[in-house]
1. Take the residues of the stretch A:34-45 that are part of a helix (DSSP H, G or I) and surrounded by fewer than 17 Cβ atoms within 10 Å (Cβ to Cβ): which is farthest from the chain's Cα centre (by Cα)?
2. Of everything in the stretch A:189-206 that's outside any loop (DSSP other than H, G, I, E, B) and not aliphatic (A, V, I, L, M), which residue is most open to solvent (accessible area, probe 1.4 Å)?
3. Working only within the stretch A:111-160, note down all residues that are among the aliphatic types (A, V, I, L, M) and within 29 Å of B:Arg61 (Cβ to Cβ).
4. All but one of (1) crowded, with 16+ Cβ neighbours inside 10 Å; (2) under 20 Å from the mean Cα position of the chain (by Cα) hold for A:Ala122, so report the exception by its number.
5. For the stretch A:88-135, how many residues are in a loop (DSSP other than H, G, I, E, B) and in contact with a Lys or Arg (Cβ under 8 Å, 6 or more places away or on another chain)?
6. I'm checking my understanding of the structure. Among residues of the stretch B:66-82 that are more than 11 Å from A:Gly116 (Cα to Cα) and not polar (S, T, N, Q), which one is nearest to the other protein chains (Cβ to nearest Cβ)?
7. Checking the condition on the phi > 0 side of the Ramachandran plot, open to solvent by less than 50 Å² (accessible area, probe 1.4 Å) and in contact (Cβ under 8 Å) with a residue 24 or more places away in the chain, which residue from A:Gly72, A:Gly90, A:Gly81, A:Gly48 passes?
8. Within the stretch A:142-169, restricting attention to residues that are of a type in the set (Gly, Ala, Ser) and not in a strand (DSSP E or B), which residue is nearest to B:Glu98 (Cα to Cα)?
Amino acid sequence: MRSSDAARLESEGLVAVAEADLAALVSPLDRAPAPDPIELRKHERITGRIHGSVPSLPSRFGQFFNDEASLGAALRERRAGLVDELDFVGDRAEMSVTLTWRAPREEPPAASIQTGRDFLEAKSSLGRERREAEDLVARFVDHLAVDQAITRRAICPREGVAAIVAVLIARDGAEALRKEIDTFEQRSSDVTARVYGPLPPYSFAS
Amino acid sequence: MNTTDLRIELDEVRAELARVSAALPERIDIDPDDVERGLAGLVLGLVELLRQVLERQAVRRMEGGTLSDEEIERVGLALMRLERKVRELADHFGLTEEDLKIRLGAAS
C-alpha cells in the first residue's frame, strides 16, 4: 500500500514498515506462522479489513521476513513492480469464479497407465480438455463483457475443474457480476459456476 | 523420418523453445540458505520443461498420424519413465510440481 495509507491501519498488533512511498503492514513474529485454520482465518480477516479500507496488494499467508531491514530491502527491490500492480488494481476488488465440469472427465488413474501408447493418449486427452476449457473461458469472459486485462485464469487447475477465473471489479459491482455469471451458468450445458467475493485482489498481486 | 520431416520437426521444437523462453524469468531465485534444494529445483525444472516440450511434440505427431505404433510405444514409454523419475526426485527434495513451474515460469 501507499505509505500515506499505512500508519492509520496499525491495529491488531500490525506494524507499518515503510520504504519511500510504499509500505507493508506486518505482524511481528519470531517465525512464520503455522498454517492452521485459526491463523489462516486471522490472516484472511486482517487482509480483508485492510483492503476494505485502502487500495492494497494482499500478501499470501506465511510470507516471513527475518527483520524490518530485509522487508524494507524487498520493498525497495520490487518497488517498480509493486507500484505498477497497485496502480493497476486501484480501488477495485476481486471476484473469483470456479467453473466445474457438469460431466466429470474420466481420466484413467496414473497407476493404470502402463504402456507408452496409454501414456500419450492420456496426455492427448488432457490436452483436449485444456483446449475445451480455454474456449469455455473465452466465451465466459465475452459473456461478462469485461476487458481480458482485468481477468486472470487458471486452466484445469485440478481434476473436475475447467477453470478458475478471477475478475477485477468496482467495489460496488459484485451483485451485477453475480447476475451475469448466473445467466452464463443457466445457459451452459458444460459447467456450473461458483462465485467467491468480493475479495482482496490475490490473483493480481505477485 | 525424411529430411523434410526432420526440418519441420526441428522448426516446431525451435518455436516451442522460443515460446517457453519468453516465459522464463530474467533471474533465477535460489535461496542461499538452501542451495541443494534450490539447485535441484532448477535442474529438475529444466528437465521437466524439456520433457514437456518433447511430450507436446510426441502427442502432436501421434494425433497427426506421423508416428508408427512402435514409435508411439517407444517415445511414450520413455516420456512416461522420465516424468515418473522427475516426480520421484522432486519428492526426494521436497519440491512440488508448482515449485518447478515457479522457478522457471509456467510452461504449460
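1. Of the residues in the stretch A:34-45, the ones part of a helix (DSSP H, G or I) are A:37-45.
Applying the additional criterion that residues be surrounded by fewer than 17 Cβ atoms within 10 Å (Cβ to Cβ) yields A:37-42, A:44-45.
Details: A:Pro37: 19, A:Ile38: 21, A:Glu39: 19, A:Leu40: 15, A:Arg41: 16, A:Lys42: 18, A:Glu44: 13, A:Arg45: 16 Å.
Going through the qualifying residues, I end up with A:Ile38.
2. Going residue by residue through the stretch A:189-206, those that are outside any loop (DSSP other than H, G, I, E, B) are A:191-199, A:202-204.
Next, only the ones that are not aliphatic (A, V, I, L, M) stay: A:192, A:194, A:196-198, A:202-204.
Values: A:Thr192: 50, A:Arg194: 150, A:Tyr196: 102, A:Gly197: 23, A:Pro198: 74, A:Tyr202: 45, A:Ser203: 49, A:Phe204: 10 Å².
By that ranking, first place goes to A:Arg194.
3. A:Ala111, A:Ile113, A:Leu120, A:Ala122, A:Leu126, A:Ala133, A:Leu136, A:Val137, A:Ala138, A:Ala154, A:Ile155 - these are the residues of the stretch A:111-160 that are among the aliphatic types (A, V, I, L, M) and within 29 Å of B:Arg61 (Cβ to Cβ).
4. The number of the failed condition is (2).
5. Residues in the stretch A:88-135 being in a loop (DSSP other than H, G, I, E, B) and in contact with a Lys or Arg (Cβ under 8 Å, 6 or more places away or on another chain): 1 in total.
6. Applying the filter and picking the extreme gives B:Leu67.
7. Values: A:Gly72 fails: on the phi > 0 side of the Ramachandran plot; A:Gly81 fails: on the phi > 0 side of the Ramachandran plot; A:Gly48 fails: on the phi > 0 side of the Ramachandran plot.
None of the other options fit; the residue is A:Gly90.
8. This residue is A:Gly160.
The values are calculated or read from the model by the stated rules, or taken from the named source; none is laboratory data. Just so you know, these numbers come straight off a predicted model, no measurement behind them. Methodologically, a virtual Cβ is constructed for each residue, glycine included, from the backbone with ideal geometry; neighbour enumeration extends over all protein chains shown. Ligands, DNA and RNA are excluded from the accessible area calculation, which covers all protein heavy atoms including side chains. Shrake-Rupley method; radii C 1.70, N 1.55, O 1.52, S 1.80 Å.
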